[in-house]
Amino acid sequence: MTAWARNLRAGSERPVWMEKPKPGMQVVKLAALVIICFMALYPLFAVLATSLSSQTEIANNNGLVIFPKEPTLAAYRTIFAGGVVTDALLRSLVITVVGTALSLAVTVCMAYGLTRRDLVGGRFFLMTALFTMLFSPGIIPSFLMVKELGLLNSYASLVLPTLMSAFNLVVVRSFFMNLPQELFEAAKIDGAGDFRILIKMVLPLSKGVLAVVGLFYGVGYWNAFFNAMLYLNDDKWPLSMILRQYVLLGQPMGDSAAVAEIAVPSQAIQMAVVVVSLIPIVIVFPFLQRYFTKGVLTGAIKG
Amino acid sequence: MASLGALTLFGAGALTACGQRTANSVSNAADALLPKTIPLKAQTPDIAGTADGVPAAFYKYPAPFRSVEKAPLNGGTVTAITNLFGTAPNSRDKNPAWQAIEARLGGKVEINAVSSDDYGTKFNTMVAGGDLPDLMLNDGSAIPNIVEFLEAKCADLTPLLGGDAISAYPNLAAIPEIFWKNTVQAGKIYSLPIPRNLTGGSGFVNQTLLQKVGLSSTEEIKDKDDFYKVLKDLTNPSKNQWALGSTKFGMTMMHHIFRTPNQWRNSNGKLTRHIETDEYLAAVEFAAKLYKDGLYVPGSEGWTKSQMVNAFISGKVAMIYDGLPAYTGPTGYGRTLPAANPANKAVPFIPFGYDGGKAQTWLDNITFGTVMLKKNDDAKLKEVLSVANFLAAPFGSEEFLLLNYGVAGTDYTMDANGNPIATDRALLDTAVPWKYLAAPQQVVFDPSDRSIVDTLHSAYSKLIPLGVADPCETLFSPTQATEGSKIMQPVSDAATAVIAGRAQIGTLKDAIAGWKKNGGDTIRAEYEQALNA
């Protein structure tokens, strides 16, 4: 019979988790947490250590160094010389922030409009948006459209063609429809217009879903590389494309024509770029984590 | 409905016409007026090249000479699309090397550099959009309907480059005739070659480990049984050492030993694909035996290139397959193996015949690709060719130094022997893919150690005379262009399964029969038609 059951039987009704933890169990829990932390942190540490290593150390450690004996910043000096990586990082940040803001604005406006029962042609607009979830135009028609709009080799080509996602529209619209409509009717009676209701009432109640949808858009813009490959020249590539080029350094398809006397190992350069690309995410995520957790749960539970 | 029917008929008719034109568009380089080769009287190499194509060799960078006096562009702009391998370069406004090159050119070059993995997608999308640049790389796989594309969109360069006409472009004229054969389609010169050193070689071996089992070179191995014994002696899993370990089993080495044909064998106008030969099956069966007996690092067939490189230079693996250009330079095996394992030395693998006779290597690295010029008026074509002439400046020239090493003082400094030593910013400044728009014939050069140059040049001297060319390299088969890779994949997968012990040789034979049925025989017929035309 378990301790909890015994307690219940004795009438104390204290669940096990409220009892004082036993020293043995504390040790077991601590060990488990240490192992899990180690498994999570070890790859990151190895990436950092490898980025500081020479070719000899990388080769002698089968490609993944833990403790570099002669750490060197050569890989970081190489990737920061001239500013390719820093410029790409800035581009990605700007595209992500601007793109996410615009996408959220457009999605929120359309979602709110589609919740209004008196919207003329509302069903038509909704069906048109949902149609894009099932059918995409294909690479060449998209390219032709972007070209005809004069967006080739411009940053707008990464934002405008994917400004609104039908999936996110449905999520936001569903959330808005579950808000208490009586509030909005009362506001209307008091003379508030739709725009005022949206800004003053709907948005403050929707922080969780906006954070989640904003995350979806943000991750999409941050990781976008196919459109960047198709529409941009390499001098405007975002960080995802630059990172991909560095990752491809280790591929056998590379042509080994004569190059200058550059001795920084390709794996060290790859790991250095990975470290640099992690920095913005590590900085931003702790501030947004509670919104995501709350938002995911809010979206999951109806009523 | 009637209009839809008319559209269908029209569309079908157009497609049929398209299919008929493509099916008969076979081509042979022998039909074209190739450019005359006019060697440049410039630098004297330390080891001369040969008429066979063995490259010249230099122990140090020679005193630079100027090969192009007049700026090719007069303030104009040339556009281009080509491959990008490795890092993206610093942008023009932050790239002194790019600015210096354009100052020498007298104008701008707008390059659309695309990762090699994405080149097909981007290039074909650009073609569909009707927006072609002046210079376009043909990497051999991006354009399935190449003949139609060349005829419709690309300039016939024969009047400007054929025969003596090429003397207007001295750096291009210095490129030997063998490299120009790949630029011919339907009897016309449609592109510029990007030369390589003819053969990719047979791989590399750790000579120090080989010496421990009593050999100084793989040339001393008598036959396949002797090779097996050597591999067994080189394998000691308890000491973390194996004889072999390469991506996809490093089969090129085995094929050279067993004298597998280079893609096709031509017997009096009759073609046999390499996979249909007894030599191919023998090489696969031998590799399967080696794998089964534990002479390959388990799982090494799935290694990335980085894993293979690390295994070799750490001494875990004694023999690998990698291209010969991977021997020189600061990341080449000539330097990295001794740096990781002092007293160890890497040398190229020189193959022997499986039966005690001579081996047979492949001339499988003649050109990296070719570069097409968009159709244009003669004045523009000449301007673009002048730019290409600049980019094809030979080793030892000021232009070559600028294109490959960057700006003196910023991207490199000269050591006491006059060799350029790169600075930290050189990698990104020199990453602009000029060398994939036009390039000279390659040389062997490594300023760090004369023995590296001697070893590699010696290897080329032995391997190139043993080399056989692909008899269909300069021919075109429409079915090969559209279906070739797809129908060969099951054969490649079956070979991998047989070597790894997951399937019997019968599986491979069935896959080869499938290749023949699904298009292989059609490809053969098309190539034979071109060969015998």
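The values are calculated or read from the model by the stated rules, or taken from the named source; none is laboratory data. Not measured: the values here are computed from a predicted model. No Cβ is skipped: glycine too gets one built from the backbone with ideal geometry, and neighbour counts run over all protein chains shown.
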Considering only residues of segment A:242-272 that are at pLDDT 80 or above and either surrounded by fewer than 23 Cβ atoms within 10 Å (Cβ to Cβ) or under 28 Å from residue B:194 (Cβ atoms) (or both), which is farthest from the chain's Cα centre (by Cα)? A:267
Note on residue B:248: of the conditions (1) farther than 17 Å from residue B:492 by Cβ; (2) at pLDDT below 95; (3) in a helix (DSSP H, G or I); (4) of a type outside the set (Gly, Ala, Ser), unmet is (1)
With the requirement that a residue be among the aliphatic types (A, V, I, L, M) and within 14 Å of chain A (Cβ to nearest Cβ), what does segment B:372-400 give you? B:391, B:392, B:393
Please enumerate the residues belonging to segment B:401-410 that are of a type in the set (S, T, N, Q) and more than 10 Å from chain A (Cβ to nearest Cβ). B:410
Single residue of segment A:224-236 satisfying the filter (aliphatic (A, V, I, L, M) and more than 9 Å from every other protein chain (Cβ to nearest Cβ)) that is farthest from residue A:163 (Cα to Cα): A:232
The conditions are (1) at pLDDT below 90; (2) away from every other protein chain (no Cβ under 14 Å); (3) buried (at least 19 other Cβ atoms within 10 Å of the Cβ), and residue A:239 fails exactly one of them. Which is it? (2)
Checking B:436, B:460 in turn, the sole residue that is farther than 17 Å from residue B:52 by Cα, among the aromatic types (Phe, Trp, Tyr) and not assigned by TED's automatic domain parsing to the domain that holds residue B:521 turns out to be B:436
For segment B:294-333, how many residues are surrounded by fewer than 20 Cβ atoms within 10 Å (Cβ to Cβ) and hydrophobic (A, V, I, L, M, F, W, C)? 0
Quick check on residue A:179: is it in the same structural domain as residue A:218 (by TED's automatic domain parsing), surrounded by 14 or more Cβ atoms within 10 Å (Cβ to Cβ), part of a loop (DSSP other than H, G, I, E, B) and out of contact with any His (no Cβ under 7 Å at 6 or more places or on another chain)? yes
Qualifying residue in segment A:34-46 (condition: outside the structural domain of residue A:279 (by TED's automatic domain parsing), under 12 Å from residue A:267 (Cβ atoms) and of a type in the set (A, V, I, L, M, F, W, C)): yes
Evaluation of residue B:325 against (1) over 20 Å from residue B:216 (Cα atoms); (2) more than 14 Å from every other protein chain (Cβ to nearest Cβ) (one fails), failing number: (2)
Taking only pairs six or more apart or across chains, which ones have beta-carbon atoms under 6 Å, a first residue in segment B:38-51 that is under 14 Å from residue B:454 (Cβ atoms) and loosely packed, with under 13 Cβ neighbours inside 10 Å, and a second residue that is of a type in the set (A, V, I, L, M) and modelled with pLDDT of 90 or more? B:48/B:56
Kindly indicate whether residue B:492 is at pLDDT 95 or above, among the small types (Gly, Ala, Ser), surrounded by fewer than 18 Cβ atoms within 10 Å (Cβ to Cβ) and assigned by TED's automatic domain parsing to the domain that holds residue B:257. yes
Pick out the one residue from B:249, B:258 that is farther than 30 Å from residue B:335 by Cβ and surrounded by 19 or more Cβ atoms within 10 Å (Cβ to Cβ). B:258
Considering only residues of segment B:170-185 that are over 15 Å from residue B:363 (Cα atoms) and β-branched (Val, Ile, Thr), which is nearest to the chain's Cα centre (by Cα)? B:183
Just checking, how many residues over segment B:416-437 are farther than 20 Å from residue B:43 by Cα and either more than 10 Å from chain A (Cβ to nearest Cβ) or aliphatic (A, V, I, L, M) (or both)? 9
Can you tell which of B:455, B:413 is part of a strand (DSSP E or B) and more than 10 Å from chain A (Cβ to nearest Cβ)? B:413
Go through segment B:284-313 and count every residue that is within 27 Å of residue B:226 (Cβ to Cβ) and among the hydroxyl-bearing types (Ser, Thr, Tyr). 3
Grab the strands (runs of 3 or more DSSP E) fully contained in segment B:258-363, keeping just those with 2 or more residues being under 24 Å from residue B:497 (Cα atoms) and not hydroxyl-bearing (Ser, Thr, Tyr). B:317-320
Failed criterion for residue B:474 (all others in (1) in a loop (DSSP other than H, G, I, E, B); (2) of a type outside the set (Asp, Glu); (3) buried (at least 24 other Cβ atoms within 10 Å of the Cβ) hold): (3)
Of the residues in segment B:85-112, those that are more than 12 Å from chain A (Cβ to nearest Cβ), touching a residue at least 12 places away in the same chain (Cβ under 8 Å), farther than 24 Å from residue A:152 by Cβ and more than 26 Å from the chain's Cα centre (by Cα) come to B:100, B:104, B:105, B:106
Within segment A:108-125, of all residues that are farther than 13 Å from residue A:172 by Cα and of a type in the set (A, V, I, L, M, F, W, C), the one modelled with the lowest pLDDT is A:119
Residues being more than 27 Å from the chain's Cα centre (by Cα) and over 18 Å from residue B:252 (Cβ atoms) - total across segment B:498-515: 12
Counting only residues that are basic (Lys, Arg) and surrounded by 19 or more Cβ atoms within 10 Å (Cβ to Cβ), how many does segment B:275-293 have? 0
Being surrounded by 13 or more Cβ atoms within 10 Å (Cβ to Cβ), on the phi < 0 side of the Ramachandran plot and not polar (S, T, N, Q) narrows it down to one residue among A:32, A:75, A:105; which is it? A:75
